[in-house]
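Taking it in order: structure first as structure tokens, then the write-up.
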Amino acid sequence: MYAARAVSSVTRCSGRLVYLMRVERAFTFVEYHNDDDLRRRLDNIYKPRGVGGYAQRRNDFHGPHNIRKDLSADRVLASQTFVYFGEKAPAVPAAFTEFVPRARGHRVFGNALGEPEDSETSAMIRSFVRWAFSHGSGQMGHPFDKPRKHSGCSP
């Protein structure tokens, strides 16, 4: 299963791929925070509060305006097979636009529950993944967003 995010149509760079990852694990926020190997990661920014809700740790890319969206699903997708383009996001060829969201957010596809198993779709997914990884792997660029001030939050 893969997850992809494209730049929203309201930005100056719409139609570009921000990241693609092969989903290798999924955690709840509590599982993610409590895992000794993951707790130290820079993207582990939501610490469960004893009384419910979460405290957002200081970070450079998610501020108070991201809290509702970030916590809208109790899932953290994890991968070691990814490419993150950020501000270096390449334009998505027209043949692959079905694999990226039309607005801000992400799209999950390929071998997931409810996904078609037909050979044509599988071939298109493989082509899209090859295209994306032909531009590199790992972190290729920095995020579009500028650092913001941060505060605590509730789900």
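The values are calculated or read from the model by the stated rules, or taken from the named source; none is laboratory data. The model shown is predicted, which means the values in this text are computed figures rather than measured ones. No Cβ is skipped: glycine too gets one built from the backbone with ideal geometry, and neighbour counts run over all protein chains shown.
Looking only at region 99-155, filter to residues that are modelled with pLDDT under 80 and aliphatic (A, V, I, L, M); which one of those is nearest to HIS65 (Cα to Cα)? Per the stated criteria, the residue is ALA103.
Filter region 45-56 for residues that are without any contact (Cβ under 8 Å) to a residue 24 or more places away in the chain and assigned to a strand (DSSP E or B) and give the result. Answer for region 45-56, where residues must be without any contact (Cβ under 8 Å) to a residue 24 or more places away in the chain and assigned to a strand (DSSP E or B): LYS47, PRO48. Would you confirm, using the coordinates I've provided, whether ASP43 is at pLDDT below 85, within 30 Å of PRO93 (Cα to Cα) and either over 15 Å from the mean Cα position of the chain (by Cα) or not aromatic (Phe, Trp, Tyr) (or both)? Yes. Checking TYR54, TYR84 one by one, the residue that is of a type in the set (Ser, Thr, Tyr), surrounded by 12 or more Cβ atoms within 10 Å (Cβ to Cβ) and more than 16 Å from the chain's Cα centre (by Cα) is TYR54 and no other.
Please work out if THR28 is modelled with pLDDT under 75 and polar (S, T, N, Q). Considered against the rule, which asks whether it is modelled with pLDDT under 75 and polar (S, T, N, Q), THR28 comes out as no.
Taking region 35-48 as the region of interest, how many residues are farther than 20 Å from HIS142 by Cβ and loosely packed, with under 13 Cβ neighbours inside 10 Å? Summing the residues that are farther than 20 Å from HIS142 by Cβ and loosely packed, with under 13 Cβ neighbours inside 10 Å in region 35-48 gives 4.
Just name the residue that is surrounded by the fewest Cβ atoms within 10 Å (Cβ to Cβ) out of those in region 57-71 that are assigned to a loop (DSSP other than H, G, I, E, B) and either modelled with pLDDT of 85 or more or of a type in the set (D, E, K, R) (or both).
ARG58
Can you tell me which residue in region 22-44 is nearest to SER72 (Cα to Cα), limited to those that are assigned to a loop (DSSP other than H, G, I, E, B) and acidic (Asp, Glu)? Top of the filtered list is ASP43. Taken residue by residue, region 82-94 has no member that is modelled with pLDDT under 85, of a type in the set (Ser, Thr, Tyr) and either within 24 Å of GLN139 (Cα to Cα) or assigned to a loop (DSSP other than H, G, I, E, B) (or both).
May I ask you to verify whether TYR19 is part of a strand (DSSP E or B), of a type outside the set (A, V, I, L, M, F, W, C), touching a residue at least 24 places away in the same chain (Cβ under 8 Å) and touching a strand residue (DSSP E or B) at 6+ places or on another chain (Cβ under 7 Å)? Answer is yes for this residue.
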